[in-house]
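See below for the structure under consideration.
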Amino acid sequence: MQTFRILVAALTTIATFCISESSQASYREYKSIGQNRMEFDAPTLAPLAYTRFCLRYEDECQRAPAQLDPAQTDQAQAPEIYGPFVTDFSGKTQLVEVNRLVNRTIAARRYIGTAAFDSWTIAPEAGDCNDYAITKRSLLRQSGWPAERLLLAEVQIPSGEHHLVLVVRLDDEDVVLDNLSGAVRNWTKSPYRWIRTQSPTQAHIWQTLRRRGTDLLS
């Protein structure tokens, strides 16, 4: 659909590594973040909606890069989301751009219903936090990022609502791509309670995070 064509066209522009003034500000904020990494703890059940997502988008839940099936998206034709993205995993420019691009391309639409029965959709014209997170993950996977560096994570925001974000594991820190923020931030700088996160070693396993003192996991 038109929204997705705009997204793909914008991704082509990103591949030239041009950064707007506004995204430069986000990048400067990002560069000041510390070096914290997540520490994984006990295995836990994956969200039921994630299991349903994997039944719908089987390739997205494998370790190999996925290609979207047009029958599984809102698009009339298979999207082409390939381009010369940087694959230096210590670089963050593309993460800032992808985060901001997807945030402004998908119109926000609140899901009203039982979370377990929410249908997660890649690149819809309108969607909720789940759709933003899986779209960012899919785009990055298809541009060369290994799946084990792209982890979906369920958090609880200050209002008490549960929320899905994408965690990207860089060489020196773990950062968050979030539809509630245009900035890409170190995971400890997100004011959330962390519920469970995909395992970096097993695609279908989710894990809790190790609690340390009075950190942001409380």
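Return the pairs, sorted by first residue and then second, in which the second residue is modelled with pLDDT under 90 and not hydrophobic (A, V, I, L, M, F, W, C), the first residue lies in segment 39-52 and is open to solvent by less than 70 Å² (accessible area, probe 1.4 Å) and part of a helix (DSSP H, G or I), the beta carbons are less than 9 Å apart, and the residues are 6+ apart or on different chains.
Going by the 9 Å Cβ cut-off, the qualifying pairs are Ala49/Asp118; Ala49/Ser119; Tyr50/His204; Thr51/His204.
Looking only at residues in segment 142-162 that are at pLDDT 90 or above and in contact with a Pro (Cβ under 7 Å, 6 or more places away or on another chain), which one is surrounded by the fewest Cβ atoms within 10 Å (Cβ to Cβ)?
It comes out as Pro158.
Restrict the check to segment 124-133 and report whether at least one residue is in contact with a Cys (Cβ under 7 Å, 6 or more places away or on another chain) and in contact (Cβ under 8 Å) with a residue 12 or more places away in the chain. Talk me through it step by step, then tell me what you get.
Filtering segment 124-133 for residues in contact with a Cys (Cβ under 7 Å, 6 or more places away or on another chain) gives none.
No, there is no match, as no residue in segment 124-133 is in contact with a Cys (Cβ under 7 Å, 6 or more places away or on another chain) and in contact (Cβ under 8 Å) with a residue 12 or more places away in the chain.
Exactly one condition in (1) at pLDDT below 50; (2) part of a loop (DSSP other than H, G, I, E, B) is not met by Tyr27; state its number.
(2)
For segment 163-179, enumerate the residues that are open to solvent by 10 Å² or more (accessible area, probe 1.4 Å) and over 22 Å from Arg109 (Cα atoms).
Matches in segment 163-179: Arg169, Asp171, Asp172.
The values are calculated or read from the model by the stated rules, or taken from the named source; none is laboratory data. Because the structure is predicted, anything quoted here is derived from the model rather than measured. Note that we place each Cβ from the backbone using ideal geometry, even for glycine, and neighbour counts take in every protein chain shown. Only protein heavy atoms, including side chains, enter the accessible area calculation; ligands, DNA and RNA are left aside. Shrake-Rupley method; radii C 1.70, N 1.55, O 1.52, S 1.80 Å.
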